[in-house]
Amino acid sequence: MIRRMVTATLAGAVLLTAGCSGLPRGAALQSEIRPSKGETEDYAFYPVTRAFLPTVEQWPAVGALASDGWPRATEGSLGQIIKPGDRVSVVIWDSSENSLLTGLDQRQAPLGEMQVSPDGRVFIPYVGEVRISGMSPQRAREAIESQLTEIAPSSQVQIALSEGTENSVAVAAGVGAPGVFPLRDRSTNVLTLLSQAGGVAPTLRNPRIRLQRGAQNYAIALDRIYENPTANALVQGGDTIIVEEDERYFIALGAAGKEDIIPFRDERVTALEAIAMIGGLTDTRADPQGVLVLREYPRSALAAGLRGPREDRVVFAIDLTSADGLFSAKNFQIMPGDLVLATESPVSSIQVALSLLGGGVGFARQLTN
């Protein structure tokens, strides 16, 4: 009789506890997060369905990398263009007997290496300043020869160009051999330059290319350049290229195979890929109808006239037990900083309660004995 009374008491206590939130759990139930009908919360709740996907795709992106876009690939010239800061070696050839430029028994007058001034000029004896910036070496040679015509009609000019800063590109980090690389022509693209710099470091996860050009700051994933030839843009003199690891991540919590900070491994990560990246759901604990994605939008996303959520804090619910839910999860994009929460199944609470009941029955037996 005592055993039955103790057992009944324990069973009632355990079942009462099962209906409350006091049982030990690793995550919330979906019902605890989803607002009840008529309940007002300071967050919005949206089931992820086929009908909902076109709506959310028009909302502002969250955690996007700051970028001014990316320049489109174009065809470049094989020729060089002289710019301020370049160095030119000028040699003047003159066969005249009484040349002002060459001495006796000489046919050439090496002027040595000269740096192109900030205003694009070099000094030539008996002529003065000659502007050559913006010209090809061939055109600069003709410009100097035309200036020498009055004092040395038969003279000819030879020019060798050494590229300066404005005719070079710096590769600052993320490659095998960082450095400053002169542009031998105007057809050098990003992938060619990365190859000259020793290639991208193999330790970088999902590497991104950042291109700094004056006040512009461009960025793109390296994979996009590999996949799309029109993204393999030409570099310009004065550019700086930085190869860096993708620092975007999402957070995984709850009844999943892994609770951790998960780095993005591709340019775009979908909800279904995110679930696979965290080891799937725990069979004995997770609620496959209650995978939640929690996201915070900037307040600007709620501005009048802008397509966006009702609240800045949003909960997206994914049901993995339906075909529509699975297909929708495959197309729903995870944003940087998202929290992917695998909620607990209500059945797991009952299982915990039953295990407690079993332990209580054993305790009751010990008491009656």
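Loop-only check: which chymotrypsin sites (Phe, Trp or Tyr not before Pro) in region 79-176 are DSSP coil with at most 16 other Cβ within 10 angstrom?
Values: sites: W93, F123, Y126; in loops: Y126.
Qualifying residues, ordered by number: Y126.
With a point put 7 Å past each Cα toward its Cβ, work out how far T321 is from A304 in nm, to one decimal.
4.4 nm
Taking every pair of Cα atoms in region 166-244, average 1/r, invert it to obtain the Kirkwood radius, and report Rg/Rh to two decimals.
That ratio equals 0.92.
Mind pulling the angle between the C-alpha long axis of helix 346-368 and the longest principal axis of the chain? Nearest 10 degrees, somewhere in 0 to 90.
Helix 346-368 sits at roughly 40 degrees to that axis.
Relative to the longest principal axis of the chain, what angle (0 to 90°, nearest 10) does the C-alpha long axis of helix 137-148 take?
Approximately 30 degrees, to the nearest ten.
Calculate how steeply helix 2-18 sits against the longest principal axis of the alpha-carbon atoms of the chain, using the helix alpha-carbon long axis, and give the answer as 0 to 90 degrees to the nearest 10.
30 degrees
Please give the contour-minus-distance gain from E32 to K330: 0.36 nm per residue of separation, less the Cα-Cα distance, rounded to one decimal in nm. Please list the in-between numbers first.
Values: separation 298, 0.36 × 298 = 107.28 nm, distance 2.56 nm.
Full extension of this stretch gives 104.7 nm more.
Tell me the relative contact order for region 166-244 as a rounded percent, counting alpha carbon contacts under 8 Å between residues six or more apart.
Across region 166-244, relative contact order equals 43 percent.
Above 21 angstrom, tally the Cα pairs of region 87-162 and express them as a % of all pairs, no decimals. If you can, show how the numbers build up before the last one.
Working: 568 of 2850 pairs.
Roughly 20 percent, once rounded to a whole number.
Let me have the 222 nm mean residue ellipticity of the chain computed from DSSP H runs of 4+ only, each contributing -39500 (n - 2.57), with the sum over all residues rounded to the nearest 500. Each step should come with its number before you reach the end.
On the way: 9 runs with 89 residues, N = 369.
Helices in the chain give a 222 nm mean residue ellipticity of -7000 deg cm²/dmol.
Which order do peptides 108-121, 318-331 fall in by mean Cβ count within 10 Å, highest first? Don't skip to the end; give the middle numbers.
Values: 108-121: 14.1, 318-331: 16.1.
Result, highest mean first: 318-331, 108-121.
Would you list V291, V180, V48 from fewest to most Cβ contacts within 10 Å?
Details: V291 28, V180 14, V48 22.
Taking fewest neighbouring Cβ atoms as first place, the list is V180, V48, V291.
What does the extension gain come out to for N228 and E247, with contour length at 0.36 nm per residue minus their alpha carbon separation? Don't jump to the answer; show the numbers that get you there.
Numbers: separation 19, 0.36 × 19 = 6.84 nm, distance 2.27 nm.
Gain on stretching N228 to E247: 4.6 nm.
Using a simple charge model, +1 on the beta-carbon of Lys and Arg, -1 on the beta-carbon of Asp and Glu, nothing else, what dipole does the chain show about its Cα centre, in debye to the nearest 20? Could the numbers behind the result be given before it?
Numbers: 33 positive and 41 negative charges, 319 e Å.
That gives a dipole near 1540 debye.
Can you work out the base-10 log of I(q)/I(0) for region 196-347 at q = 0.12 1/Å, using the Debye formula on its C-alpha atoms alone?
-0.67
Taking every DSSP beta bridge with both residues inside region 166-244, roughly what % is antiparallel (nearest 5)?
Approximately 85 percent, going by the DSSP bridge assignments.
By its C-alpha gyration tensor, with a ≥ b ≥ c as the square roots of the eigenvalues, how is the chain shaped: rounded for a/c under 1.5, else prolate for a/b larger than b/c, else oblate?
Numbers: a/c = 5.34, a/b = 3.70, b/c = 1.45.
Here the chain falls in the prolate category.
Using the Cβ atoms and a cut-off under 13 Å, what net charge is assigned to the surroundings of V56, where Lys and Arg are +1 and Asp and Glu are -1?
Values: positive: R50, R295, R307, R310; negative: E57, D338.
Net charge in that neighbourhood comes out at +2.
Of the candidates A301, A256, A219, which one comes out as most mobile in a Gaussian network treatment of the chain with C-alpha springs shorter than 10 Å?
A301
Compute the separation of the alpha-carbon centres of region 188-237 and region 267-314 and state it in Å as a whole number.
Here the answer is 31 Å between Cα centres.
Here, each number is a calculation from the coordinates, and none is a lab measurement. This one's a predicted model, so the numbers in the text were calculated from it and none came from an experiment. Cβ: placed from backbone, ideal geometry, glycine included. Neighbour counts: every protein chain shown.
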